[in-house]
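Q: Structure in structure tokens, see below.
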Amino acid sequence: MQLSVGMNQFDTARVFCIGRNYAEHAKEMGAPKPAEPVVFMKPATSLVPEGEPLVLPRGRGSVHHEMELVIALDREGRDIAVADALRYMAGVTLGIDLTLRDLQSRLKQAGQPWELAKSFDGSAAIGRFTSWPAEFDFQNLEMRCTVNGILRQQGNTRDMLFPVAEIISFLSRHWRLLPGDLIYTGTPAGVGPLVPGDTIMLEATGLGPFGWACV
Ligand code: ZN
């Protein structure tokens, strides 16, 4: 999928996602605080740009919204030092890591991978990217998620257990990072179900609002 960040266009092939990156969300899921980032992936074919309908899977249990700060990379790199990591970023936006929660619980209990619950078609809503000026402090961003105008999630990126620079550095020790890679950086507390007919909106300081109609 082609994404634009400012004047630049990128082909995105990979979407990395970080789980349990906010202590309050790990708590609401009954999960312990991780010692290192919990990583899973979604295919780029699961991305749903702002304004397109969010098609919820039917007959597979509850579908939860997870509002997340999403970053795009524009440089290739391996074994990136934390101190250098932010130089690999092209832009930021907000997105939704849609999750089949009942199915995820069953997979967790069975000790199985999460792909069926996390990586289905349409599982990654993505807002418009803003190229990030150096003064943009995305480790102190207030984020809000409303469904049908009612506040569901509110959080601040300063509460991330692993900040963005640490996430980039960690991922680069396991993969050669590439221009166009996206990283969903985890969700604050307040996740909940979506049903057809809902409208979900995301907003943060300097980002959005971005909206999707659920069908
Ligand atoms: Zn998530």
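The values are calculated or read from the model by the stated rules, or taken from the named source; none is laboratory data. Predicted model, so just to flag it, every value in this text is computed and none were measured. Neighbour counts are summed over all protein chains in view; Cβ atoms, including those assigned to glycine, are modelled from backbone coordinates with ideal geometry. Just the protein is used for accessible areas: all its heavy atoms, side chains included, with ligands, DNA and RNA removed. Shrake-Rupley method; radii C 1.70, N 1.55, O 1.52, S 1.80 Å.
Q: Please state the charge dipole magnitude for the chain, taken about the Cα centre, from unit charges on C-beta atoms (+1 on K and R, -1 on D and E), reported in debye and rounded to the nearest 20. Could the numbers behind the result be given before it?
A: Numbers: 20 positive and 24 negative charges, 120 e Å.
That gives the chain a dipole magnitude of about 580 debye.
Q: In deg cm²/dmol and to the nearest 500, what is the mean residue ellipticity at 222 nm of the chain if only DSSP H runs of at least 4 residues count, each as -39500 (n - 2.57), divided by the residue total?
A: Helix contribution divided over all residues of the chain: -3500 deg cm²/dmol.
Q: Determine the relative contact order of the stretch 2-213: mean sequence separation of Cα pairs under 8 Å and six or more apart, normalised by residue count, in whole percent.
A: Over the stretch 2-213, the number comes to 34 percent.
Q: Say a paramagnetic label sat at a point 7 Å from the Cα of residue 78, along Cα to Cβ; which residues of the stretch 157-182 have their backbone N under 16 Å from it?
A: 169-179
Q: Residues of the stretch 1-42 with backbone nitrogen within less than 20 Å of a virtual label 7 Å along the Cα-to-Cβ line of residue 173, please, listed as ranges.
A: Flagged as within label range: 16-22, 33-41.
Q: Follow-up question, since we're still on this one. Please compute the modelled spin-label separation between residue 31 and residue 156, points set 7 Å along Cα→Cβ, answer in nm with one decimal.
A: Rounded to a tenth, the inter-label distance reads 2.4 nm.
Q: Okay, next question. In square angstrom, what is the accessible area per residue of the chain with a 1.4 angstrom probe?
A: Numbers: 9420 Å² over 215 residues.
Value returned for the chain: 44 Å² of accessible area per residue.
Q: If the cut-off is 16 Å between C-alpha atoms, which lysines fall inside it for residue 42, apart from same-chain ones fewer than 8 positions away?
A: 118
Q: With charges set only on the Cβ (+1 for Lys and Arg, -1 for Asp and Glu), what does the dipole of the stretch 153-215 come to about its Cα centre, in debye to the nearest 20?
A: For this selection, approximately 220 debye.
Q: Which of 175, 132, 114 moves the most in a Gaussian network model of the chain with Cα springs under 10 Å?
A: 175
Q: Could you order peptides 34-40, 89-95 by the average number of other Cβ atoms within 10 Å of their residues, highest first?
A: Highest-to-lowest ranking by the protection proxy: 89-95, 34-40.
Q: Next question. What is the percent carbon and sulfur in the accessible area of the stretch 2-213, measuring with a 1.4 Å probe over the protein chains and ignoring ligands?
A: Working: 4780 of 9270 Å².
C and S fraction of accessible area: 52 percent.
Q: Provide the net charge surrounding residue 204, with neighbours chosen by a C-beta distance below 10 Å and charges set as Lys +1, Arg +1, Asp -1, Glu -1.
A: Charge balance near residue 204 sits at -1.
Q: Could you check the simple spin-label distance between residue 131 and residue 41, using points 7 Å along Cα→Cβ, in nm with one decimal?
A: 2.8 nm
Q: Taking only the alpha-carbon atoms of the chain, what semi-axes of the equivalent ellipsoid follow from 5 times the gyration tensor eigenvalues under a square root, in whole Å, largest first?
A: 24, 20, 17
Q: Still on this structure: Once amide H atoms are placed 1.01 Å from N in the peptide plane, what residues at a sequence separation of 5 or more from residue 125, or on another chain, have their amide H within under 5 Å of its amide H?
A: For residue 125, the qualifying residues are 48, 96, 98.
Q: Identify, among 139, 199, 4, the residue whose Cα sits farthest towards the positive end of the charge dipole of the stretch 2-213, taking +1 on the Cβ of Lys and Arg and -1 on the Cβ of Asp and Glu, with the dipole about the Cα centre.
A: 199
Q: If the chain between residue 140 and residue 11 were fully stretched, how many nm would it gain, using 0.36 nm times the residue separation less the Cα-Cα distance?
A: Going from the current span to full extension adds 43.6 nm.
Q: Which of the lysines could a cross-linker bridge to residue 27, judged by Cα under 19 Å and excluding same-chain residues fewer than eight apart?
A: Within reach: 108.
Q: Amide H neighbours of residue 141 under 5 Å, counting only residues 5+ apart in sequence or on other chains, H built in-plane at 1.01 Å?
A: Excluding prolines and chain starts, which carry no amide H, the hits are 157, 158.
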